[in-house]
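Input: a single structure, listed below in structure tokens.
The values are calculated or read from the model by the stated rules, or taken from the named source; none is laboratory data. This one's a predicted model, so the numbers in the text were calculated from it and none came from an experiment. Don't worry about glycine lacking a Cβ; one is built from the backbone with ideal geometry, like all the others, and counts go over all protein chains shown. Ligands, DNA and RNA are excluded from the accessible area calculation, which covers all protein heavy atoms including side chains. Shrake-Rupley method; radii C 1.70, N 1.55, O 1.52, S 1.80 Å.
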Amino acid sequence: MPQSLLATDGYKFSMAEAGWPLRKETFYYSHRKGGPQVMPLDLDAYVRKLLPVARADDYAFLAQHDYEMGVGFKAAIQRTDRLTVRAIPRGALFFPREPILTLTGPSALVSWLEPLLLQLNYRIQVATQALQDREGLARALATVTCEEEKRIALETLDQVGVKAVPIRVDSEGYLQRVRAQVKELVDIVEDPSRIFEVGLRAATCLEQHELALKACQEAGVQRTSNVEGARLLGMIPVGTMGHEHVQRYGSDDAAFRAMHERRPQRSSYLLDTFDTLTSGIPAAYKLISEEPQGGDSIRFDSGNKKLQYLYAVTRARDMGIHPVLILEDGLDAQMTREFEELRRQVGWEPTEQFYGYGGHIVARTMTSPLTRDRVAAIYKLSCTGATAVMKFGNELAEGKQSIPGTPVLFRRRTGSGPLGLVGQAGEPTPQGYLPLMEAPPESPSLLGAEGLTPEAQRIGYTATTQALVDSLTRRHFPQGR
């Protein structure tokens with residue numbers, strides 16, 4: 001059944017309005033860790049079942065909450081016939097950091113899919129666990145959060161030909177754990193309005209996330225990135241900017257100005273696409289200083305956030321500005337206590353510091369270990385128009401550099417070299433390799449993964465992909481990193 005247009009994160013709508021919704025773009029899906037894994041389904045068919053169908057009341061709800069969408073976005077969402085799916089086949093074995101799915105199509109459409117596509121990681125983990133260790137599978141699926149999560153698990157077991165294990169649904173237990181988790185956070189910050197929920201991408205399914213949102217509401221939290229969840233529960237949808245927006249513009253300054261100058265609402269500037277200290281903060285502060293009463297915020301997302309925080313506060317005082325500070329990415333209760341203590345030490349007002357929580361609320365309260373963080377599932381913009389792009393991130397955020405271009409995956413069959421080779425669409429197949437995204441499906445199996453060391457699982461780049469990486473690195477860091 002087609003998805004509601006609102007079944008995504010709020011920042012997808014703001015980025016579309018501040019970007020080019022009809023531009024042809026490519027995103028890719030990958031797992032950064034988790035060892036050998038298996039693909040249990042036909043990804044082309046799976047993606048197309050996720051595509052949204054927009055209704056007039058969807059757009060009315062968006063407009064009511066400061067996300068009024070233009071004609072470009074509305075046209076892009078309808079152009080599902082322009083979507084190109086490149087994917088490894090059903091049954092294929094894959095390894096960490098390999099691009100296993102690329103989507104090319106209108107920017108607003110391929111961007112919209114991110115939260116729902118990231119939930120694919122649960123199906124992959126169930127399939128892999130089923131083929132690796134049936135006893136471990138039984139423990140991992142003994143208790144799930146909701147009926148939809150159970151249905152997905154059973155469907156996946158059937159797809160890989162593994163007999164079902166007993167699965168108990170305990171929605172009330174999950175609600176209680178989420179409620180307790182959020183209450184602890186509220187007690188730390190002393191005001192639920194200083195907290196917002198951003199865990200749609202950490203959920204296994206939409207039903208699970210709706211349960212988590214109900215528990216958030218009961219603890220006093222009223223804002224969420226899940227727009228459909230906000231409509232269903234009477235909450236407030238939130239979100240301004242992700243890394244893809246900054247990648248589209250190629251610089252922090254251009255991206256921040258586009259958001260500020262194309263949307264009348266307050267903006268939140270994401271700092272770490274290139275480098276927080278040398279690029280993100282200077283660009284954000286230059287813009288904020290031009291309109292210091294605008295109420296815009298900066299968002300820390302990776303690397304040494306305490307160092308970044310202290311630098312940001314010191315620099316803001318030197319410039320005579322007071323941006324709102326937003327902290328996300330892996331926050332838990334202990335980190336929240338530490339940042340609240342920092343806030344008190346530097347004298348920053350409570351009303352000028354907010355916290356966003358995803359996995360800490362949604363996933364760490366699950367009894368199953370099969371969470372997104374376990375495999376570090378990602379969905380990244382890699383090409384906008386004819387321009388290849390990358391996320392670099394801070395040097396301390398090791399391993400978060402993304403792949404540019406329109407990546408495809410080659411698998412070594414003979415000779416020596418990396419087991420996986422990341423090339424570009426249209427590139428000739430290197431000798432000794434086969435184009436995995438063009439291979440026929442096979443029975444799901446982990447055959448061939450036994451005994452492979454981490455070194456043996458390494459991936460490499462073709463000369464074409466490496467040239468793109470080198471060119472983009474020189475462009476953004478001409479003096480070196």
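Hey, quick one: spin label on residue 344, modelled 7 Å out along Cα-Cβ, who in region 287-308 has an amide N within reach, i.e. under 20 Å? Counting backbone N atoms under 20 Å from the label point, the list is 306-307. By the rule of a C-alpha distance below 23 Å, with chain neighbours fewer than 8 residues away ignored, the lysines paired with residue 286 are 305, 306, 391.
Computed from backbone phi with θ = phi - 60° and the Karplus coefficients 6.51, -1.76 and 1.60, the 3J(HN,Hα) list for region 356-364 is x, 10, x, x, 4, 8, 8, 9, 5 Hz; x is used for glycine and proline. Between the labelled values (i) 96, 53, 41; (ii) 69, 54, 52; (iii) 63, 54, 45, the entry that holds Cα extents along the principal axes in Å as derived from this structure is (iii). Rounded to the nearest Hz, the phi-derived 3J(HN,Hα) couplings of region 424-433 under the Karplus curve 6.51 cos²θ - 1.76 cosθ + 1.60 (θ = phi - 60°) are 10, 3, x, 6, x, 5, x, 4, x, 10, where x marks glycine and proline. Sparsely packed loop sites in region 179-270 (the trypsin sites (Lys or Arg not before Pro) outside DSSP H, G, I, E and B with at most 15 other Cβ atoms within 10 Å) comprise 266. Which listed residue (141, 217, 188) has the Cα farthest towards the positive end of the charge dipole for region 132-223, taking +1 on Lys and Arg C-beta and -1 on Asp and Glu C-beta about the Cα centre? The Cα lying farthest towards the positive end belongs to 141.
Taking 74, 400, 163 and ordering them by how much accessible surface each has at a 1.4 Å probe, largest first, produces 163, 74, 400.
Counting heavy atoms of the protein chains only and a 1.4 Å probe, report the per residue accessible area for region 1-148 as a whole number of Å².
So region 1-148 comes to 34 Å² accessible per residue, rounded to a whole number.
Each Lys and Arg adds +1 at its Cβ and each Asp and Glu adds -1 at its Cβ; summed about the Cα centre, the chain shows a dipole of about 960 debye. Rounded to the nearest 5, the antiparallel percentage of DSSP beta bridges internal to the chain is 55%. Kindly list the residues of region 1-19 that lie in the label zone of residue 75, defined by a backbone N under 11 Å from the point 7 Å along the Cα-to-C-beta vector. The answer is none.
When the chain is described by a simple charge dipole with +1 on each Lys and Arg Cβ and -1 on each Asp and Glu Cβ, the residue from 410, 361, 15 located farthest towards its positive end is 410. Only helical runs count toward this figure. For the chain, summing -39,500 (n - 2.57) over DSSP H runs of n ≥ 4 and dividing by all residues gives -11500 deg cm²/dmol at 222 nm. Spatially, region 121-181 and region 242-320 are offset by 40 Å when compared through their Cα centroids. DSSP bridge analysis restricted to region 192-335 gives an antiparallel fraction near 0%, rounded to the nearest 5. Here region 360-481 exposes an accessible surface that is 51 percent carbon and sulfur, computed with a 1.4 Å probe and the other protein chains kept in place. For residue 353, the residues whose amide H sits under 5 Å from its own are 325, ignoring neighbours fewer than 5 places away on the same chain, with H placed 1.01 Å from N. Rounded, prolate or oblate, given the Cα gyration tensor of region 13-167, with a/c below 1.5 counting as rounded? Prolate, since a/c reaches 1.5 and a/b exceeds b/c. Secondary structure note: in region 333-481, about 75% of the DSSP beta bridges are antiparallel.
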